[in-house]
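The values are calculated or read from the model by the stated rules, or taken from the named source; none is laboratory data. Computed from a prediction, not measured in an experiment: that's the story for all the values here. Cβ atoms come from the backbone with ideal geometry, glycine included; neighbour counts cover every protein chain shown.
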Amino acid sequence: MQNFLEPGTRIPFALVAEQDGKLCGNLLVIESDEPARPDLTPWIAAVWVDEDVRKQGVAASLLQEAIRRSALLGVERLYLSSRPALRDFYTKLGWRPIDENVGDAKLIVYDYIIPGAPRSVPSTMRL
């Protein structure tokens, strides 16, 4: 059985954002999120920010923290997918589109190479 109570020790993990004591955003870092691309791992998934706090840097902060924690785990590269309407948002944060029209939802797949991440540790951590 996996112990999900030890944050920052392995993938998968979740991050939540809080503003004024209220949860307002979340994301997951998981091994796989796109059935059409099982060769890519690990992924940032389920990025969500409540509508009333969008465009305030919440998603960008969640992504930065996910990248930081993934680097500490030895991850060299992360992947995520989005609707085409979010392409500018992700590319401005340094995500690089690597595939388009993926899966039934016709998503864009991006990668993010983590600068300075250790290169001697596998990309995924399992028990």
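Hey, any hits in segment 60-68 for a residue that's loosely packed, with under 14 Cβ neighbours inside 10 Å and over 22 Å from Gln19 (Cβ atoms)?
Checked segment 60-68: no residue is loosely packed, with under 14 Cβ neighbours inside 10 Å and over 22 Å from Gln19 (Cβ atoms).
Within segment 64-71, identify whether any single residue is among the acidic types (Asp, Glu), closer than 17 Å to Phe13 by Cα and either in contact with a strand residue (DSSP E or B) (Cβ under 7 Å, 6 or more places away or on another chain) or in a helix (DSSP H, G or I) (or both), and answer yes or no.
Of segment 64-71, the ones among the acidic types (Asp, Glu) are 65.
Still in the list and also closer than 17 Å to Phe13 by Cα: 65.
With either in contact with a strand residue (DSSP E or B) (Cβ under 7 Å, 6 or more places away or on another chain) or in a helix (DSSP H, G or I) (or both) added as a condition, the list becomes 65.
Scanning segment 64-71, I find at least one residue that is among the acidic types (Asp, Glu), closer than 17 Å to Phe13 by Cα and either in contact with a strand residue (DSSP E or B) (Cβ under 7 Å, 6 or more places away or on another chain) or in a helix (DSSP H, G or I) (or both), so the answer is yes.
Examine segment 94-109 for a residue that is in contact with a Leu (Cβ under 6 Å, 6 or more places away or on another chain) and closer than 23 Å to Ala17 by Cβ, and state whether such a residue exists. Walk me through how you get there before you give the answer.
Going through segment 94-109, the residues in contact with a Leu (Cβ under 6 Å, 6 or more places away or on another chain) turn out to be none.
No, segment 94-109 contains no residue that is in contact with a Leu (Cβ under 6 Å, 6 or more places away or on another chain) and closer than 23 Å to Ala17 by Cβ.
Quick check on my filter: what residues within segment 90-114 are more than 14 Å from the chain's Cα centre (by Cα) and closer than 18 Å to Glu65 by Cα?
Listed by number, the list holds a single entry, Lys92.
If you go through segment 33-55, how many residues are of a type outside the set (A, V, I, L, M, F, W, C), surrounded by 14 or more Cβ atoms within 10 Å (Cβ to Cβ) and modelled with pLDDT under 95?
The first filter runs over segment 33-55 and keeps only residues of a type outside the set (A, V, I, L, M, F, W, C), leaving 33-35, 37-39, 41-42, 50-52, 54-55.
Filter once more, keeping what is surrounded by 14 or more Cβ atoms within 10 Å (Cβ to Cβ): 33-34, 37, 41-42, 50.
The next check asks that each one be modelled with pLDDT under 95; those that pass are 33-34, 37.
Here the count works out to 3.
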